[in-house]
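Undergrad: Here it is, the structure in full.
The values are calculated or read from the model by the stated rules, or taken from the named source; none is laboratory data. On a predicted model such as this, the values are computed, not experimentally measured, just so you know. Cβ: placed from backbone, ideal geometry, glycine included. Neighbour counts: every protein chain shown.
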Amino acid sequence: MTRKKLIAGNWKMNGARATAAVLAEDVKSGSAGFACDIAVCPPFIYLHAVGKIVADSHIALGGQNCSDKDDGAFTGDTSAAMLADYGCSYVIIGHSERRQYHGESDGGVKSKASKAISKGLVPIICVGETEAQRDKGETLGVISRQLDGGIPESATGRNCVIAYEPVWAIGTGKVATEAEIMQVHEFIRGHMKSRLAESDNLRIIYGGSVKPDNAAVILKLDNVDGALVGGASLKAADFLAIARAA
Ligand code: PGA
C-alpha cells in the first residue's frame with residue numbers, strides 16, 4: 001500500500017508577523033510540484049496571514065491545538081470550527097509540549113481529536129515516550145496506552161494522522177535510530193489495524209529532530225509516512241530539503 005507522505009511544519013511559538021509571511025511564501029514557491037503533501041502549522045495569531053498566502057495552493061494549513069468544546073466561556077481557547085473557518089485542514093493534538101506544560105491527558109487528547117474530526121479537520125495525534133520511560137523498557141506500553149486513550153471512536157485511517165515523537169528526540173538534536181523508529185511505527189500500525197477502519201490508509205509520521213541530513217533515511221523506512229518537523233520548519237530551505245526527500 002502506498003500512502004502519500006505528509007511533511008508538516010510545526011512552527012510552535014516562533015516568528016513574527018513579517019517572518020511568518022516570508023516563510024509561508026518561500027515554502028509555497030519552493031515546493032511546487034513536490035510529490036508529498038505539505039502542511040504548515042503557524043501560531044494561531046498568524047493563521048489568517050499565512051492562510052491568505054497558502055490559500056488555493058498545494059500547501060495545507062494547520063493549527064497547533066484546539067479546544068474540545070464548541071464555543072462559550074473558555075478564555076484563551078480556540079475551537080476546531082474556528083480553525084476550519086480560517087482554512088485549516090489539520091490540527092496537531094496532544095503534542096508532548098502540550099502534555100508537559102498544559103497537563104493534557106489522553107482523555108483530553110481524545111475529546112479534542114474527536115471534536116476536530118467532527119469539524120472536518122484531520123487531527124495529527126502525537127504519541128511518544130520520555131527518555132526515562134524508554135530507559136525502563138516501557139516504550140511500547142506507553143504508546144499503546146496513549147493510542148488506546150487518545151484515539152477517538154470516530155477516527156479512521158483516512159481522517160486522522162498519528163505522529164510518533166519520542167519526547168527525548170524533540171528539539172534535542174538526538175534522533176531515534178532507524179531500528180527504534182521502525183519498531184514503534186510497526187507497532188503502531190499493528191496496534192491500529194483491528195481498531196481503525198481503513199487502517200491501511202493511516203499515515204504514521206515521525207517527529208523529533210528531523211533535519212535535511214537525516215530526512216531521506218528516516219522517510220524511506222517502512223511505515224514512516226512523513227514527518228512532523230519543528231526547528232527545521234522555521235527555515236524554508238531546510239523544510240523544503242526535507243519535503244524534497246519525501
Ligand atoms: P523538532 O520538533 O523537529 O524541533 O525536534 C518536532 C516537534 O516537536 O514536532
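Undergrad: Can you tell me which residue within region 107-129, out of those that are closer than 17 Å to ASP70 by Cα and of a type in the set (Val, Ile, Thr), is nearest to the chain's Cα centre (by Cα)?
TA: Here the residue is VAL122.
Undergrad: Under 6 Å by Cβ, and 6 or more places apart or on different chains, what pairs join a residue from region 1-30 that is under 24 Å from ASN214 (Cβ atoms) with one that is more than 16 Å from the ligand (Cβ to nearest atom)?
TA: Qualifying pairs under 6 Å: LYS4/ASP37; LYS5/CYS36; LEU6/ASP37; ILE7/CYS36.
Undergrad: Would you point out which residue out of ALA132, ALA155 is over 18 Å from the mean Cα position of the chain (by Cα) and modelled with pLDDT of 95 or more?
TA: ALA132
Undergrad: Let me ask something else. Starting from region 218-246, take each residue that is of a type in the set (Phe, Trp, Tyr) and list its partners that are surrounded by 18 or more Cβ atoms within 10 Å (Cβ to Cβ) and not in a loop (DSSP other than H, G, I, E, B), counting only C-beta distances under 7 angstrom and pairs at least six apart or across chains.
TA: Matching pairs, first to second residue: PHE239/GLY9; PHE239/VAL27; PHE239/VAL229; PHE239/ALA232; PHE239/SER233.
Undergrad: Follow-up question, since we're still on this one. Among the residues of region 190-201, is there at least one that is closer than 24 Å to ALA60 by Cα, touching a residue at least 40 places away in the same chain (Cβ under 8 Å) and under 15 Å from the mean Cα position of the chain (by Cα)?
TA: Within region 190-201, none of the residues are closer than 24 Å to ALA60 by Cα, touching a residue at least 40 places away in the same chain (Cβ under 8 Å) and under 15 Å from the mean Cα position of the chain (by Cα).
Undergrad: Checking the structure you have, find out if any residue of region 25-38 is part of a loop (DSSP other than H, G, I, E, B) and within 16 Å of the ligand (Cβ to nearest atom).
TA: no
Undergrad: Check every one of the helices (runs of 4 or more DSSP H) wholly within region 130-246 and list those with 3 or more residues that are surrounded by 14 or more Cβ atoms within 10 Å (Cβ to Cβ) and away from the ligand (no atom under 16 Å from the Cβ).
TA: Fully inside region 130-246 and qualifying: 139-150, 178-193.
Undergrad: In addition: Considering only region 14-22, I want to know if a residue exists there that is assigned to a helix (DSSP H, G or I) and within 15 Å of ALA227 (Cβ to Cβ).
TA: No.
Undergrad: From ASP70, ASP56, grab the single residue that is at pLDDT below 95, of a type in the set (D, E, K, R), surrounded by fewer than 22 Cβ atoms within 10 Å (Cβ to Cβ) and not in a helix (DSSP H, G or I).
TA: None of the others qualify; the one that does is ASP56.
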